[in-house]
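Student: Handing you this structure, nothing more for now.
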Amino acid sequence: MDGALDRIEQLVEKGGPHLLATVNPEFVMRAQRDRDFARVLDEADLCLADGVGVVWAMNRQGCSIDGPVAGVDLVHPLAALCAKRGLRLFLLGAAPGVAMELAAQLRAANEGLAVNAHSGGPEPENDVDTLHRIHDHHADVLLVAFGAPAQEMWIDRLKNRLGVSVAIGVGGAFDYLTGRVPRAPRWMRRARLEWLARLVRQPWRIRRMAVLPVYALKVLRSPRA
């Protein structure tokens, strides 16, 4: 997490636009068959390991990493960084009212934080309104919670019009942080079993997680670095 925040701070200082992705095994497997999504991940300025599966694969490939940096865990420390540095934060996505509720929580937890929010949507017909809101806030950092791959494709499509230094796709982070979707108990997170808790609470995820055995096999068959 400290390394991720340091890198984000460096990217903000450089000026944008910079696209950051929080990559899990489902991203990797989708990129195998979706060339546009693969291109976006390849061109991203920073890909964070969102999940133990990616950490495991990275370590097997010779890239030493202690643990994952999930989008949901990044939001609060990033908001604290923005407050400390005087950076303006914008939250985009989730159902109506969710981003605004999270913005209020972050504002209360971080004195002086300039944060605004909008639900919006990844469809092109929403672009004009969304861009006006981001520009009016003079945002430096943008968190987009449209879900993958919509959020990454949306950032890529509009990155030269966003006017922000850093844009990050954070999936369902807003729902978790506002309590609409309960997170796994802390002991399960420490044991890196949060994926199991999500599956129990949201059985429909089994369709998405069906790619995990194939992912594991691909990692095992890949030559070590």
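Student: Taking the residues in segment 119-128 that are exposed (fewer than 12 other Cβ atoms within 10 Å of the Cβ) and among the charged types (D, E, K, R) as candidates, determine which candidate is nearest to residue 145 (Cα to Cα).
Tutor: This residue is 123.
Student: Tell me, which helices (runs of 4 or more DSSP H) lie completely within segment 141-209 with 3 or more residues that are under 19 Å from residue 88 (Cβ atoms), at pLDDT 70 or above and touching a strand residue (DSSP E or B) at 6+ places or on another chain (Cβ under 7 Å)?
Tutor: 150-162
Student: Out of segment 135-160, which residues are surrounded by fewer than 24 Cβ atoms within 10 Å (Cβ to Cβ) and out of contact with any helix residue (DSSP H, G or I) (no Cβ under 8 Å at 6 or more places or on another chain)?
Tutor: 135, 136, 137, 138, 147, 150, 157, 159, 160
Student: Going by the structure shown, is residue 225 in contact with a Gly (Cβ under 9 Å, 6 or more places away or on another chain), at pLDDT 85 or above and surrounded by fewer than 21 Cβ atoms within 10 Å (Cβ to Cβ)?
Tutor: Against the criterion (in contact with a Gly (Cβ under 9 Å, 6 or more places away or on another chain), at pLDDT 85 or above and surrounded by fewer than 21 Cβ atoms within 10 Å (Cβ to Cβ)), residue 225 does not qualify.
Student: Could you tell me how many of the residues in segment 24-44 are modelled with pLDDT of 95 or more and in contact with an Asp or Glu (Cβ under 6 Å, 6 or more places away or on another chain)?
Tutor: The qualifying residues number 1.
Student: Any idea which of (1) over 24 Å from residue 41 (Cα atoms); (2) crowded, with 21+ Cβ neighbours inside 10 Å; (3) touching a Gly at 6+ places or on another chain (Cβ under 9 Å) is the one residue 181 doesn't satisfy?
Tutor: Single failed check for residue 181: (2).
The values are calculated or read from the model by the stated rules, or taken from the named source; none is laboratory data. Predicted model, so just to flag it, every value in this text is computed and none were measured. All Cβ positions, glycine included, derive from the backbone under ideal geometry; neighbour counts span all protein chains shown.
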